[in-house]
Amino acid sequence: MSKDGFGRGRLGLVLLTILAALAGGAGPAAAADPREELHAAFDKAVKGKTVAWVPVWLGVLESEWTRVMKAHFDDYGIKMIVRDPNFKSDVQLQAVSTLINEHPDVLVVQNPTTTLLAREIKRAEEAGIYVVQVNMASNSLSDAYVGVDVPKVGRSLAHEIIQECGGGKGSGEVAIIEGEATAAYSLDMKNAAMAEFKTDPSIKVVSSQPANWDANKAGDITTTVLQQHPNLCAILGVWGPMTAGAAQAVKNAGKQGKVKIYVASDGQPADCDLLEQGLFTENLSYRADTQGEAIVNAVIALLQNHDKPGSKHIAYYTTNYWVKSKADRAYCFTVPKE
């Protein structure tokens, strides 16, 4: 090889070495940060999406769910549509049907009965819309259920009543104040409580009637039950605000403290107030504010998983907390001031 050829070969080798070094140095620097990739994937999955929310009405409980959902969805760049049927089943059914035709990414519903929205839930999933059911489930399962483990709450309340009224410690006479007779929340809680009561032969359920979530009707039912069963030992109420009417009837009859009142509570401040006033004996609280967080988590998980709507059924069950004194006030949420 000539001297010139050798020089050119050597120069080429040096250039290749430099280029290789540059390429090697650029590799790690150019690699994507895994945390940035995760955040980018999250934004792609959720930003610009639409969530439609149809409760039975916008009462204190539903308004708390709505407040928590909106705060998170606004932060994530998710549009939220709310329809308030104001406890009118036909209006709610029409609202859900119309929203399905508008095709949001996620539909969140609260079922007034086990059957009203069953067909629409299936229709939504067939249209490619994720469906989340809250607290009161339909006969039709959906992508996610967020809410109370209702049978567990029924058994827990009944167990406390047995401890107070069973085994000869009281008359054993118990009344149940139901909500809507065909609502899964009320029906499943009553059935679980009845099964638990059967474990103690001394317990006798003398009345189990639906008050349709109405405190006045609960009061009327209780007034009649007290007249027919003056030795009533306890009342099991499936929902605090409704059972407030029963508690007032007990007070009016001069039996406050004698007739024990055990309620399933969504953690409304008024439920804690009634307990501190001695009108409720014990509340089993499932806190609407933490339920709101769980609804958000369910929506976010569905949007990121990219599963076909209707292909899986996931449950997010609420943790329950006993409220037995003022010291347990933390298990009732605080309604923010406007």
**Message:** Looking at (1) under 29 Å from the mean Cα position of the chain (by Cα); (2) over 16 Å from Leu157 (Cα atoms); (3) not in a helix (DSSP H, G or I), which one does Leu236 not meet, given that it meets all the others?
**Reply:** (2)
**Item:** Flag for Ser97 being farther than 24 Å from Val238 by Cβ and either exposed (fewer than 15 other Cβ atoms within 10 Å of the Cβ) or assigned by TED's automatic domain parsing to the domain that holds Val299 (or both)
**Value:** yes
**The lone exception for Met69 - which of (1) modelled with pLDDT of 95 or more; (2) out of contact with any Gly (no Cβ under 7 Å at 6 or more places or on another chain) it fails** = (2)
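Residues to consider are Asp43, Asp84; find the one that is among the acidic types (Asp, Glu) and in a loop (DSSP other than H, G, I, E, B).
Numbers: Asp43 fails: in a loop (DSSP other than H, G, I, E, B).
Exactly one of Asp43, Asp84 is among the acidic types (Asp, Glu) and in a loop (DSSP other than H, G, I, E, B), namely Asp84.
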**Fill in**
Only unsatisfied item for Gly166, checking (1) surrounded by fewer than 24 Cβ atoms within 10 Å (Cβ to Cβ); (2) in contact (Cβ under 8 Å) with a residue 60 or more places away in the chain, is (2)
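Could you please find all residues in the range 176-211 being closer than 19 Å to Asp271 by Cα and touching a helix residue (DSSP H, G or I) at 6+ places or on another chain (Cβ under 8 Å)? Give the steps one after another, and end with the answer.
Filtering the range 176-211 down to residues closer than 19 Å to Asp271 by Cα leaves 176-179, 185-186, 189, 211.
Within the range 176-211, Ile176, Ile177, Glu178, Gly179, Tyr185, Met189, Ala211 meet the criteria.
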**Message:** I'd like to verify a number: residues in the range 126-170 that are part of a helix (DSSP H, G or I) and more than 30 Å from Lys204 (Cβ to Cβ), how many?
**Reply:** 1
**Message:** Which of the numbered conditions does Thr182 fail, given that it passes all the others? Conditions: (1) touching a residue at least 40 places away in the same chain (Cβ under 8 Å); (2) polar (S, T, N, Q); (3) within 24 Å of Ser285 (Cβ to Cβ).
**Reply:** (3)
**Lys326 vs. criteria surrounded by 19 or more Cβ atoms within 10 Å (Cβ to Cβ), among the basic types (Lys, Arg), at pLDDT 95 or above and touching a helix residue (DSSP H, G or I) at 6+ places or on another chain (Cβ under 6 Å)** = no
**Message:** Within the range 276-291, take every residue that is part of a loop (DSSP other than H, G, I, E, B) and not hydrophobic (A, V, I, L, M, F, W, C) and give me the one that is farthest from Cys165 (Cα to Cα).
**Reply:** Arg287
**Prompt:** So which residues in the range 192-210 are under 14 Å from His229 (Cα atoms) and touching an Asp or Glu at 6+ places or on another chain (Cβ under 7 Å), if there are any at all?
**Reply:** Lys204, Val206, Ser208
**Asked** Can you find a residue in the range 285-296 that is closer than 20 Å to Val60 by Cα, of a type in the set (A, V, I, L, M) and touching an Asp or Glu at 6+ places or on another chain (Cβ under 6 Å)?
**Response** yes
**Prompt:** So which residues in the range 87-117 are more than 23 Å from Ala301 (Cα to Cα) and either without any contact (Cβ under 8 Å) to a residue 24 or more places away in the chain or assigned to a helix (DSSP H, G or I) (or both), if there are any at all?
**Reply:** Lys88, Ser89, Asp90, Val91, Gln92, Leu93, Gln94, Ala95, Ser97, Thr98, Asn101
**Prompt:** Which of the following residues is surrounded by fewer than 24 Cβ atoms within 10 Å (Cβ to Cβ) and either part of a strand (DSSP E or B) or outside the structural domain of Asp214 (by TED's automatic domain parsing) (or both): Ala249, Ala301, Ala270, Ala264?
**Reply:** Ala301
**Prompt:** Hey, among the residues in the range 100-116 that are in contact with a helix residue (DSSP H, G or I) (Cβ under 6 Å, 6 or more places away or on another chain) and within 20 Å of Trp213 (Cβ to Cβ), which one's surrounded by the most Cβ atoms within 10 Å (Cβ to Cβ)?
**Reply:** Pro112
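The values are calculated or read from the model by the stated rules, or taken from the named source; none is laboratory data. Quick caveat, the model's predicted, so the values are computed rather than measured. All Cβ positions, glycine included, derive from the backbone under ideal geometry; neighbour counts span all protein chains shown.
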